Every structure is written in C-alpha cells, then in structure tokens.
Amino acid sequence: MTDAVATPKDFFGHPKGLTYIAITEAWERFSFYGMQALLVLYMNDRLFQPEVIGGLWGFDGFRAGLEAITGPLSIQALAAQVFGIYVSLVYFGPIVGGLIGDRLLGRTKAVLLGAVFMAAGHFLMAFEAAFLLAVSALIVGAGLLKGNLAAQVGALYPKEDRRRDGGYTIYFTAINVGAFIAPLICGTLGELYGWHYGFGAAGVGMILGIFIYLKGVRHLNDPPLKCDQGEKVRLNGREWQVVAALLIMILITSLFWTVQSQIWNTYPLWVREHVNLNIGGGLSVPVTWFQSLNSLVVLVLAPLTIAFWKGMSKRGAEPVDLTKVALGCSLFGLACLLLSGGQMLAGTGKVSILFPVLFHIVVGLGYLFSAPVALALVSRVAPAAVNAMMIGAYYLGLFIAGITSGWLGRFYEPLQPIGFWALHAGIGLTGAVLFLILHRPLSHYFAKT
C-alpha cells in the first residue's frame, strides 16, 4: 500500500504537486537563509556588543546558563555558540513536527501552521529586544514545516518509483534557488542599508511562500492520520531494523553537515577577516554573496549531476546511494583542505578570492552527491507508519551538526584558520571512511523487499 496520489505530470516528468512544493520551498528557504546569512554577522557586530546585549529580553539568564556549561565566551565564540544552538534546534524540530503531521494535524495543516510561525519570527527579528522570542518562533515553525513538506514530496510517488530521487533533487534545487537569492537580497540589504531591512525582506518571502502553498494544496496528498479511531500503529521486527539502520546512516551524515553548517557560522567571519574581497575597479564583494555562490554552484551542477547519474544508470554503472554519499563526504573534506591550504599560502597576507570560490564549487558537488540522495533513501525505505517522522529524523544529522559546529566555533580563534579548516577536512573524510566500512551491513536493510 502506498500513500502516493496520481496527478498529471507537468514538471520535468514529475507530478504536478511537485511544482507547488518546490516553489513554496524556494520561498521558505529564501526567508530562512536570508535571515541566516546575516545572523552571525549581526550578533557579532551589533547584537552582542556591550551597549546592546543588556537590552535583550531574557538574554542575561540564557547567557549565564550557557557559560555555566562552556565557560566564559568571547563575542565571536558566543555568536558561534548561539548560532549552533539555533540551527541544531531548527533541525531537531522536524522530528516532533513530523510526528504531529503524521498523528495529530495532518501534513498540510502542519506545514501551514509552521509557515505562520516562521513569518512571525522573521518580522520579530526587526525588534532587537525580542531576539530570543523571534528565534523561538522560527524554531517552532521550521519544526512543523520542514519534515512534513519533505514528506509530501515522497507521497507524490509510488514506493518503487525511480523518479523519487529526481523529485528530491528538484526539491533540493528549489531549496538552493531560495538560498541563492536570499543573501543577494536580504544579505545586501542587511550589510549595506541596515540589519532590519534584511530581516523584513525575509519575512515577506515567507508570506509569499504561504500564498503559493495554498494555491497548490489541492494537488498534494495528505494521507489519513495514522492513529484514526485510536488504532495503535506497530512496527514489525524487520521494520525496526530498517529504522535502526537509517538512524546509523543519519548519525554519520552529521559529519558532512558539520562542514556545511560552518558556511553560515564561522566561515563568514573568516571571509571578512582573511580573504581579499576587492576585485577590479575597487569593488568590494559583500561577505553574504559567498553564501549565494554556494547555492549558485548547486543550481548549475544539479542538472549535470542528474544527467550524469542517468547516463551511469543506462550503462548499469550507477553507484548505490551509500557510495554516492561517501563520495560526497570526501568532497566536503577536500573543500576544507582548500581553505586551509589557501590560508597557508597567504601567510600574513590576504587569501586569494579564488580559494573560497573553489571551496564552494567542491562543496556544492559534495552536497549534491550526499544530501538529496540520503533524504530520498530515507523516504524510500522508511516504514509507512513512521515515514514523515523518519524524514523528520533525517534532520537529526543537521541537529548534531549545528551543536557541533557551534562548539567547534569557539576553537576558531585559538586554532587559527589553518588548523580550524584542517580539522573540518578530517571531519568530512571521517564520514566517507565510515560509510565505506558500514556499506555492506547497511545496504542489507536498505535493499528492496
């Protein structure tokens, strides 16, 4: 039995509902990444400065609790730590949100409620004192929206439909459309004209996403709640083993997500301090534009990657999903070696802008090899009774990565850039090694039954 719904094909050979989900996700990611592109810079340069931080509602108690665990934190380390906590909770939320969508509200209502919370959070960012309230609203909203919207992609396809991987690649491409535009608009407004202009633009993007979703909701599939009539859903022994194998895979993905998380955390500070941002004619490139470059690379390489795997499949040479993810982890590690090497070559001078550009090209390819493939795998093999919840659990990798990246951020100053990026190279390469070691036992549980 499948929860897929038959719909006309009008989006690159995919169900019509995918069009609306992809556009909704692009606007949601515009709002999310627009705010996120500015967040560390905003905290470091404005919010956590001595003359401002005392006016933040509830922050004195929050900081005291945090430093009771970490010890005293510099402004940079505090910004990195708060960012890490925020991102980790954003990606932990979909586990609970997926359960709410499966069992209580249904996926559509959960997505809409989450979008409303996120819009409120973005507009609250315009008020400095309400910082903790704003990020709390964003965390709740993302938790309700992310897992359920991703699950609605999988619900468009029969269980063994090979288009599912392509559908999730389109979905991830939409994420990167929003993530590409967001720093160019929100980041530029925030850096050059004022932080709150950038945050306000992010809120407008979320409102547009809500309107698009409402327009296309009739083309989506919202299966019946799993516990109608008070029926208790049970998993059999094989299904529990599949869930356990998926959780192991998700834990390992946290290694490449740790590298990815630093692009929004410590990386902007490194770019501003150590990279020569001046190009011909005295033009200085805004720091947030590098985050747009990250997404642009993914957009350019996504169709090439789809075509490459399709060609490999026709020849019977396409690697299995776990091998693709292992290759992606290796590329994340290689990308960090480029940053470390660039800093080493620069010595006491500025790093050539070529190194961060190459970094984003390699990271973008690693992302395409790993992120959509791993999510599609979860969607395909997770038991139907907990499918949306397991798609939410996919974000456990990002939850762990957020916590880890924030914790690692406080070593940026003592390790200095060469050591800091070499450490992250080791993290990415460790993920590749673990996937290769565990390839055979995990594949046993992911095989078609």
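Return yes or no: is residue 264 open to solvent by less than 20 Å² (accessible area, probe 1.4 Å), within 25 Å of residue 42 (Cα to Cα) and at pLDDT 95 or above? For residue 264, the condition - open to solvent by less than 20 Å² (accessible area, probe 1.4 Å), within 25 Å of residue 42 (Cα to Cα) and at pLDDT 95 or above - is not met. So for segment 294-302 (the condition being surrounded by 24 or more Cβ atoms within 10 Å (Cβ to Cβ) and not small (Gly, Ala, Ser)), does at least one residue qualify? Yes. Comparison of 368, 396 shows that the only residue that is hydrophobic (A, V, I, L, M, F, W, C) and open to solvent by less than 20 Å² (accessible area, probe 1.4 Å) is 368. Screening the candidates 311, 341, 316 for the property of being among the small types (Gly, Ala, Ser), free of Cβ contacts under 8 Å to residues at least 60 places away in the same chain and not in a helix (DSSP H, G or I) yields one hit, 316. Among the candidates 306, 391, 361, the residue that is open to solvent by 20 Å² or more (accessible area, probe 1.4 Å), closer than 24 Å to residue 153 by Cβ and in contact with a helix residue (DSSP H, G or I) (Cβ under 7 Å, 6 or more places away or on another chain) is uniquely 306. As a summary of the residue check, residue 322 satisfies the conditions (1) in contact with a His (Cβ under 8 Å, 6 or more places away or on another chain); (2) open to solvent by less than 20 Å² (accessible area, probe 1.4 Å); (3) within 29 Å of residue 271 (Cα to Cα) except for the one numbered (3).
Residues checked against (1) at pLDDT 90 or above; (2) within 25 Å of residue 123 (Cβ to Cβ); (3) in a helix (DSSP H, G or I):
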residue: 165; (1), (2), (3): no, no, yes
residue: 168; (1), (2), (3): no, no, yes
residue: 174; (1), (2), (3): no, yes, yes
residue: 181; (1), (2), (3): yes, yes, yes
residue: 185; (1), (2), (3): yes, yes, yes
residue: 201; (1), (2), (3): yes, yes, yes
residue: 206; (1), (2), (3): yes, yes, yes
residue: 213; (1), (2), (3): yes, yes, yes
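Being in a helix (DSSP H, G or I), out of contact with any Gly (no Cβ under 8 Å at 6 or more places or on another chain) and within 30 Å of residue 439 (Cα to Cα) is a property that holds for residue 323.
Residues that are crowded, with 21+ Cβ neighbours inside 10 Å and of a type in the set (Lys, Arg) within segment 160-193 comprise just one, 164. For segment 215-234, the condition holds for no residue, the condition being that it is part of a helix (DSSP H, G or I), among the polar types (S, T, N, Q) and in contact (Cβ under 8 Å) with a residue 24 or more places away in the chain.
Residue 134 meets all of the listed conditions (1) modelled with pLDDT under 95; (2) within 22 Å of the chain's Cα centre (by Cα); (3) of a type in the set (A, V, I, L, M, F, W, C) but one, namely (1). With the structure loaded, tell me whether residue 402 is farther than 18 Å from residue 335 by Cα and either touching a strand residue (DSSP E or B) at 6+ places or on another chain (Cβ under 7 Å) or open to solvent by less than 10 Å² (accessible area, probe 1.4 Å) (or both) or whether it fails that test. Here the answer is yes, as residue 402 does meet what is asked. Only one of the listed residues (379, 313) is open to solvent by 50 Å² or more (accessible area, probe 1.4 Å), of a type in the set (Ser, Thr, Tyr), modelled with pLDDT under 90 and out of contact with any strand residue (DSSP E or B) (no Cβ under 7 Å at 6 or more places or on another chain). That residue is 313.
The values are calculated or read from the model by the stated rules, or taken from the named source; none is laboratory data. Predicted, not measured: the structure shown is a model, and the values here were computed from it. Quick reminder, even Gly has a Cβ in these numbers, built from the backbone with ideal geometry, and neighbours come from all protein chains shown. Areas reflect the complete protein model, heavy atoms only, side chains present, ligands, DNA and RNA absent. Shrake-Rupley method; radii C 1.70, N 1.55, O 1.52, S 1.80 Å.
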